[in-house]
Structure formats: C-alpha cells, structure tokens
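Each remark here refers to the structure printed beneath this line.
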Amino acid sequence: MDITIEKRRRNPLLDQVGLEGTVDHSGNATPSSDSLKEALSDELGTDKEDIKIVKIFTFDGMQKSRFWAKEIGGTVDAEEKEETAETKDEGAEEDDQDISEVLSGSISDAKERIEEMDDPDFELLLEVEQENKDRKGMKKFLKDKIGE
C-alpha cells in the first residue's frame, strides 16, 4: 500500500491536522479504516490511536483510493507551517469546509456553497457526489463547471 499525502490543514484550535491524500492498493482490496490508520501512523510516526479516518473513496475501476483523515494532536514542521500560512489567506474558506459538508443539503444550497468557494476542485466534488447522493441535477451542474 503506497500512501501519498496531498494536503495538510492545521487546526490549532482543535489541536489536529486534517490530511487528504491517495492510497495505491494495487493487487489488494480497498484498505479498511484500521489498515489505513496503521499505515498512516507508520508514515507520520504517530500512534494509531491519534489517527481518525473520516472517509475512504475508491475510484471506479482502479485500485486507488482517496482518503480524508485527521491526526489528533498532530504537529506540522516549520516548512509546512510556512506553506500553511501562505495558503491560508488564499483558500481559508475552502480549506475550512469539508467536501461532504459542501455537498450536503439541497442542490441549491450546495450550488450556493460551491459558488462561494475561491477555487473549488469540481472533479473531486463530482466524484464525492457520485459516491454519495448521486443527484442528477448536481452532477450536471458540476460537469458543466468542469467544461468551462
């Protein structure tokens, strides 16, 4: 299992770090939350109990998954703190909103929240929508946005 952490969002108020990344699990089934916790704890050098898996999303027809997790009591090294500070102003609102929260509620509410985002990842939003509510109107809206 090959783990790539793509985003880290530090939340000092809750003393945790939000993690988003991908897992390549070629030759194996989608990893369970426990096996992903164990792999992340090895990767980050933390205790397994300090990792909380929020969601695992498997791409259709691929042996690759996207995950969202939290490292409780996690620390970020100085270089990552600088990156976080630089990007905080640029995408603070988007970083604070969880993708599933953006897509929750009615289609009109979700569209409004997406329009308020600075630079939304429409492809990720579409993937999450297809795996969860799978609403025809929401998928059309997101596909139209991808085409723009």
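The values are calculated or read from the model by the stated rules, or taken from the named source; none is laboratory data. It should be emphasised that the depicted structure is a prediction, and the values quoted were computed from it without experimental measurement. In this analysis, Cβ positions are derived from the backbone assuming ideal geometry, glycine residues included, and neighbour counts consider all displayed protein chains.
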**Item:** Residues being under 14 Å from residue 5 (Cα atoms) and either out of contact with any helix residue (DSSP H, G or I) (no Cβ under 8 Å at 6 or more places or on another chain) or aromatic (Phe, Trp, Tyr) (or both) - total across segment 46-72
**Value:** 5
**Asked** When only residues in segment 6-31 that are surrounded by fewer than 16 Cβ atoms within 10 Å (Cβ to Cβ) and hydrophobic (A, V, I, L, M, F, W, C) count, which is nearest to the chain's Cα centre (by Cα)?
**Response** 14
**Asked** Out of curiosity, is residue 65 surrounded by 18 or more Cβ atoms within 10 Å (Cβ to Cβ), within 25 Å of residue 10 (Cα to Cα) and at pLDDT 85 or above?
**Response** yes
**segment 116-136 - residue that is within 20 Å of residue 54 (Cα to Cα) and among the acidic types (Asp, Glu) and, of those, surrounded by the fewest Cβ atoms within 10 Å (Cβ to Cβ)** = 134
